[in-house]
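Trainee: This is the structure I want to talk about, given as structure tokens.
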Amino acid sequence: MLKAQRSRDNEALFKVARQGTFDDLVAAIWRTYTRPEQLSRVRGFFHVVGLAAYRPEDFREFIDSLDDLTKMLASLAEREGLDGEEALTLATVTVAAIRGLLLHEVLNPAALSEDAVALILRMSKAQSVPRTRPGP
């Protein structure tokens with residue numbers, strides 16, 4: 001059931017990804033999962049994550065689906081000029097931060113995580129500035 005719900009959410013988010021920017025998708029992900037009616041689903045997500053951590057062999061399909069948002073964000077980051085490796089790193093860190101903030105919202109609903117999401121977006125802009133890599 002959780003997989004079917006996530007698939008529906010991801011379809012809507014794919015539409016944002018096709019038409020929008022990295023920042024648009026980050027904001028859409030946050031809005032999607034922080035609506036009050038989503039709280040029980042977010043709790044369910046973290047419950048299943050906990051179960052999967054103890055028995056990954058029983059939750060392989062769920063675990064394999066966890067990279068969907070990361071792939072979408074990485075694709076947008078590449079479209080916006082990052083190379084593949086940087087795009088994937090930025091997307092991975094962004095999704096991890098969003099999930100951490102969602103867990104924080106579940107445990108401490110009075111928190112003002114929108115400020116943290118704005119910080120994620122500012123960090124993504126700092127990441128997207130081309131820079132030279134140190135030599136050997």
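The values are calculated or read from the model by the stated rules, or taken from the named source; none is laboratory data. Quantities reported herein were computed from a predicted structural model and do not represent experimental measurements. Ideal geometry is used to build each Cβ from the backbone, glycine not excepted, and the neighbour counts take in all protein chains shown.
Trainee: Let me spell it out: the conditions are (1) assigned to a helix (DSSP H, G or I); (2) charged (D, E, K, R); (3) modelled with pLDDT under 85, and residue 133 meets all of them except one. Which number is the exception?
Mentor: Result: residue 133 fails condition (1) only.
Trainee: Quick one: how many residues across the stretch 40-54 are out of contact with any helix residue (DSSP H, G or I) (no Cβ under 7 Å at 6 or more places or on another chain) and either touching a residue at least 24 places away in the same chain (Cβ under 8 Å) or small (Gly, Ala, Ser) (or both)? So that I can check it myself, show each step before the final result.
Mentor: Looking only at the stretch 40-54, we keep the residues that are out of contact with any helix residue (DSSP H, G or I) (no Cβ under 7 Å at 6 or more places or on another chain), and these are 40, 47, 49-51, 53-54.
Imposing the further condition that a residue be either touching a residue at least 24 places away in the same chain (Cβ under 8 Å) or small (Gly, Ala, Ser) (or both) reduces the set to 40, 50, 53.
Selection size over the stretch 40-54: 3.
Trainee: Among the residues of the stretch 31-45, is any crowded, with 18+ Cβ neighbours inside 10 Å, under 18 Å from residue 125 (Cβ atoms) and not aromatic (Phe, Trp, Tyr)?
Mentor: No, that holds for no residue.
Trainee: Is at least one residue of the stretch 10-17 in contact (Cβ under 8 Å) with a residue 12 or more places away in the chain, under 18 Å from residue 102 (Cβ atoms) and of a type in the set (Phe, Trp, Tyr)?
Mentor: no
Trainee: Hey, another quick one. For the stretch 66-86, how many residues are within 19 Å of residue 97 (Cβ to Cβ) and small (Gly, Ala, Ser)?
Mentor: Residues flagged as within 19 Å of residue 97 (Cβ to Cβ) and small (Gly, Ala, Ser) within the stretch 66-86 amount to 3.
Trainee: What number goes with the only condition from (1) touching a helix residue (DSSP H, G or I) at 6+ places or on another chain (Cβ under 9 Å); (2) modelled with pLDDT of 70 or more; (3) not polar (S, T, N, Q) that residue 111 does not pass?
Mentor: Result: residue 111 fails condition (2) only.
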